[in-house]
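S.K.: If you scroll down you'll find the structure; I have some questions about it.
The values are calculated or read from the model by the stated rules, or taken from the named source; none is laboratory data. No experiment lies behind these values; they were computed from the predicted model shown. No Cβ is skipped: glycine too gets one built from the backbone with ideal geometry, and neighbour counts run over all protein chains shown.
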Ligand code: UDP
Ligand code: MN
């Protein structure tokens, strides 16, 4: 039985298990606290269409469950039984319901990269986008297959994609590129005004896209993230996340951080954009031309990891802004990662080094203070990225600390 797989800290730094912090789950028509409500409280009966945790009879020791969990990092037995479409709870603050968006907004190309993704989770991602996005805002969905070798992602995928005919572009990489270069490949084929990146195991929520498009329409240098709700890796329940901002520590590990009360306590409540020092990674929207203008991603980075912090620093230091929009909600399966994937930790280290050498100025010593073993580790050629920083006339990391994320400098011990 796989109950609580252990994570190597370095392998899962980008996205916190927000579910652990989420206060409530209201999948079942009522709200109950994970920690607050005494265990004796009766659970309301599941509503039709609402996911429910596997019952006592769920077989956690079946080889199907264990194999799926080890391969994909979540409960694939349950995922298959949920199928391609389901309704998830509307987790927005009620004040979001009063917000209205112009009928005329930029169009979006939704870019989804995948490597050996579980089939039904991939399809729920696509169906939720198609079902919950007004047609005229959705230019296309661009799927980038990063050299998957699972059989069901070959002809079977082509066949099933027919239902989305006209809205889908499928690109198959000829070699494994990793998610960073795959996103750039997807972006290069996009024609919408705005790029929206999603992981291949997401479910978008009601009115998820309009707040993102509206913010970018007002300011093309504004990069925006939805609030990432948690889809539990075992129960696949959809949990609302508290309003948080993205941050990181001196190890260059991403973490979620509390939001200042003045950003949420005004008459509009927790509906206004939250200034965010960093983005979690896979899920954000950016003007397509602006993405190119500020240098897309560092294509010298490998596989996965640290690209989110690199882009976040670049946005802030080079004249853009990064916000979380609490009225836009996207659920994401918080996959478990296992220590049998050392290549992810390796890539994360390599990518973090590239980030540190290009963007941290004298503060890279703070990083090496915490990780002295990395001081002499190779990180490839960064001259193009250093050149980009000069060309864009970007500000110093000291400026970023003073103006965007002063809490980082104050933090001792790199917690
Ligand atoms: N991915 C990819 N190529 C890779 C690694 C990941 O296309 O080499 C995809 C993956 O299938 C997923 C997205 O990139 O859709 C983000 O990866 P993952 O969900 O593993 O990252 P996490 O959410 O754990 O940060
Ligand atoms: Mn993911």
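S.K.: What do you reckon, is residue 346 in a helix (DSSP H, G or I), farther than 20 Å from residue 278 by Cα and within 22 Å of the chain's Cα centre (by Cα)?
M.R.: Details: in a helix (DSSP H, G or I): yes; farther than 20 Å from residue 278 by Cα: yes; within 22 Å of the chain's Cα centre (by Cα): yes.
Spelling it out, residue 346 is indeed in a helix (DSSP H, G or I), farther than 20 Å from residue 278 by Cα and within 22 Å of the chain's Cα centre (by Cα).
S.K.: Is it the case that the range 203-224 has a residue that's within 16 Å of ligand 1 (Cβ to nearest atom), within 20 Å of the chain's Cα centre (by Cα) and part of a strand (DSSP E or B)? So that I can check it myself, show each step before the final result.
M.R.: Taking the range 203-224 first, the residues within 16 Å of ligand 1 (Cβ to nearest atom) are 203-204.
From what is left, the residues that are within 20 Å of the chain's Cα centre (by Cα) are 203-204.
Then drop every residue that is not part of a strand (DSSP E or B), which leaves 203-204.
Taking every residue of the range 203-224 in turn, at least one turns out to be within 16 Å of ligand 1 (Cβ to nearest atom), within 20 Å of the chain's Cα centre (by Cα) and part of a strand (DSSP E or B).
S.K.: Considering only residues that are more than 14 Å from ligand 1 (Cβ to nearest atom) and either modelled with pLDDT under 95 or part of a helix (DSSP H, G or I) (or both), which ones fall in the range 121-151?
M.R.: Narrowing the range 121-151 to residues more than 14 Å from ligand 1 (Cβ to nearest atom): 127-128, 130-140, 151.
The answer is 127, 128, 130, 131, 132, 135, 136, 137, 151.
S.K.: If you don't mind, there's one more thing I want to ask. Any idea which of 186, 192 is part of a loop (DSSP other than H, G, I, E, B), in contact (Cβ under 8 Å) with a residue 60 or more places away in the chain and in contact with a strand residue (DSSP E or B) (Cβ under 7 Å, 6 or more places away or on another chain)?
M.R.: Numbers: 186 fails: part of a loop (DSSP other than H, G, I, E, B).
Going through 186, 192 in turn, just one is part of a loop (DSSP other than H, G, I, E, B), in contact (Cβ under 8 Å) with a residue 60 or more places away in the chain and in contact with a strand residue (DSSP E or B) (Cβ under 7 Å, 6 or more places away or on another chain): 192.
S.K.: I would also like to ask the following. Tell me, which residue of the range 270-293 that is assigned to a loop (DSSP other than H, G, I, E, B) and touching a helix residue (DSSP H, G or I) at 6+ places or on another chain (Cβ under 6 Å) is surrounded by the most Cβ atoms within 10 Å (Cβ to Cβ)?
M.R.: So the first thing to find is which residues in the range 270-293 are assigned to a loop (DSSP other than H, G, I, E, B), and the list is 270-273, 276-277, 279-283.
Now narrow it down to the ones that are touching a helix residue (DSSP H, G or I) at 6+ places or on another chain (Cβ under 6 Å): 271, 279, 281.
Working: 271: 22, 279: 27, 281: 24.
Checked the range 270-293; the qualifying residue surrounded by the most Cβ atoms within 10 Å (Cβ to Cβ) is 279.
S.K.: Still on this model: Please state which one of 247, 217 is modelled with pLDDT of 95 or more and over 28 Å from residue 73 (Cβ atoms).
M.R.: 217
S.K.: Shifting gears a bit: Assigned to a helix (DSSP H, G or I) and touching a helix residue (DSSP H, G or I) at 6+ places or on another chain (Cβ under 6 Å): does that describe residue 158? Steps first, answer last, please.
M.R.: Numbers: assigned to a helix (DSSP H, G or I): yes; touching a helix residue (DSSP H, G or I) at 6+ places or on another chain (Cβ under 6 Å): no.
In short, no.
S.K.: Cβ-Cβ below 8 Å, separation at least six or inter-chain, first residue in the range 277-299 and over 27 Å from residue 406 (Cα atoms) and more than 16 Å from ligand 1 (Cβ to nearest atom), second part of a loop (DSSP other than H, G, I, E, B) and modelled with pLDDT of 95 or more: which pairs?
M.R.: 287/106; 287/193; 287/220; 287/221; 288/190; 288/192; 288/193; 289/220
S.K.: What residue, among those in the range 163-183 that are at pLDDT below 95 and in a helix (DSSP H, G or I), is nearest to ligand 1 (Cβ to nearest atom)?
M.R.: The residue in question is 164.
S.K.: Residues in the range 126-133: is at least one free of Cβ contacts under 8 Å to residues at least 60 places away in the same chain and within 16 Å of ligand 2 (Cβ to nearest atom)? Reasoning before the result, please.
M.R.: Keep residues of the range 126-133 that are free of Cβ contacts under 8 Å to residues at least 60 places away in the same chain, which gives 126-127, 130-131.
Next, only the ones that are within 16 Å of ligand 2 (Cβ to nearest atom) stay: 126.
Yes, that holds for at least one residue.
S.K.: Within the range 94-118, how many residues are buried (at least 19 other Cβ atoms within 10 Å of the Cβ) and away from ligand 2 (no atom under 16 Å from the Cβ)? If you could, list the steps in order and put the result at the bottom.
M.R.: Here is the first cut: in the range 94-118, the ones buried (at least 19 other Cβ atoms within 10 Å of the Cβ) are 96, 105, 108-115, 117-118.
Applying the additional criterion that residues be away from ligand 2 (no atom under 16 Å from the Cβ) yields 96, 105, 108-109.
Residues that pass the stated criteria total 4.
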